[in-house]
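Everything below concerns the one structure shown next.
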Amino acid sequence: MTKTRTLTMTALMAAVICIFAPISIPIPISPVALTLGTFAMYLTAYVLPPRQALAAIGLYLLLGAAGLPVFSGYTAGLSRFAAPGGGYLIGFLFLTGISSLFVSRFPRNIPAQMGGLFLATIINYMLGTAWMAYLTNTTFLQSLPMGALVFLPLDIVKIIIACLLGNRIRAYLHM
């Protein structure tokens, strides 16, 4: 990829994440809402190689920290990192980086890609749930149902759709 194309695609995927991530559905049993942000991050893994995928998610996090309302529920600011969902925000770096690494390493192996996206999601769950447990003064196991298990079914659907759609987008972009 040329430098111009790389910068353009990185900025474009950061914008896609900024558009999808604020769209959220509150979950009654969890202080964290279900968002479409992870879906956009999975797609980012298909469009960009690992370094640029990390740059896109880093740009998204910086924009949100600086006050642009791109986090869940159109919220923003550094205080979001200290809230119960803050661990997930940091975990997005791992989610996007690991997902992109698997997609890059296994470009024609959809089961391996799905496995990589699932592994990345589990790592994000672990970081987010651990932070939530710390802030809510509960144990990790007590926080697990509201911090991870409630999101698992829909995240599996997002992973499947992202793998199918992502490979088509990747082929279209001739990557």
- Looking at this structure, is residue 92 crowded, with 17+ Cβ neighbours inside 10 Å and in contact with a Gly (Cβ under 8 Å, 6 or more places away or on another chain)? yes
- Note on the structure: Per the list (1) under 25 Å from residue 146 (Cβ atoms); (2) in contact with a Phe, Trp or Tyr (Cβ under 9 Å, 6 or more places away or on another chain); (3) buried (at least 17 other Cβ atoms within 10 Å of the Cβ), residue check on residue 42 breaks on (2)
- Message: Residue under question is residue 96, and the condition is that it be assigned to a helix (DSSP H, G or I), touching an Asp or Glu at 6+ places or on another chain (Cβ under 6 Å) and closer than 21 Å to residue 46 by Cβ; does it hold?
- Response: no
- Taking the stretch 13-39 and the residues there that are touching a residue at least 24 places away in the same chain (Cβ under 8 Å) and part of a helix (DSSP H, G or I), the one that is nearest to residue 145 (Cα to Cα) would be 38
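Is it the case, given these coordinates, that residue 10 is without any contact (Cβ under 8 Å) to a residue 12 or more places away in the chain and more than 14 Å from the chain's Cα centre (by Cα)? Give the derivation first.
On the way: without any contact (Cβ under 8 Å) to a residue 12 or more places away in the chain: no; more than 14 Å from the chain's Cα centre (by Cα): yes.
Answer is no for this residue.
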- Task: Just need a number here: residues in the stretch 69-85 that are crowded, with 21+ Cβ neighbours inside 10 Å and either assigned to a helix (DSSP H, G or I) or without any contact (Cβ under 8 Å) to a residue 12 or more places away in the chain (or both).
- Result: 1
- Pick from 112, 120: which is buried (at least 21 other Cβ atoms within 10 Å of the Cβ), under 17 Å from residue 50 (Cα atoms) and of a type outside the set (Val, Ile, Thr)? 120
- Query: Quick one: residue 131 ticks every box in (1) closer than 25 Å to residue 16 by Cβ; (2) touching a residue at least 24 places away in the same chain (Cβ under 8 Å); (3) part of a helix (DSSP H, G or I) bar one, so which box is it?
  - Reply: (1)
- Note on the structure: Among (1) farther than 21 Å from residue 163 by Cβ; (2) without any contact (Cβ under 8 Å) to a residue 40 or more places away in the chain, residue 63 falls short only on (2)
- Which listed residue is part of a helix (DSSP H, G or I), over 24 Å from residue 146 (Cβ atoms) and more than 16 Å from the chain's Cα centre (by Cα), from 111, 107: 111
- Can you name every residue in the stretch 1-35 that is modelled with pLDDT under 95, in contact with a Pro (Cβ under 9 Å, 6 or more places away or on another chain), crowded, with 16+ Cβ neighbours inside 10 Å and not β-branched (Val, Ile, Thr)? 30, 33, 34
- Note on the structure: Residue set 104, 143; condition free of Cβ contacts under 8 Å to residues at least 24 places away in the same chain, of a type in the set (S, T, N, Q) and over 14 Å from residue 41 (Cβ atoms); output residue 143
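The values are calculated or read from the model by the stated rules, or taken from the named source; none is laboratory data. Source: prediction; values computed, not measured. Using ideal geometry, Cβ is built from the backbone for each residue, glycine included, and neighbour counts are taken over all protein chains shown.
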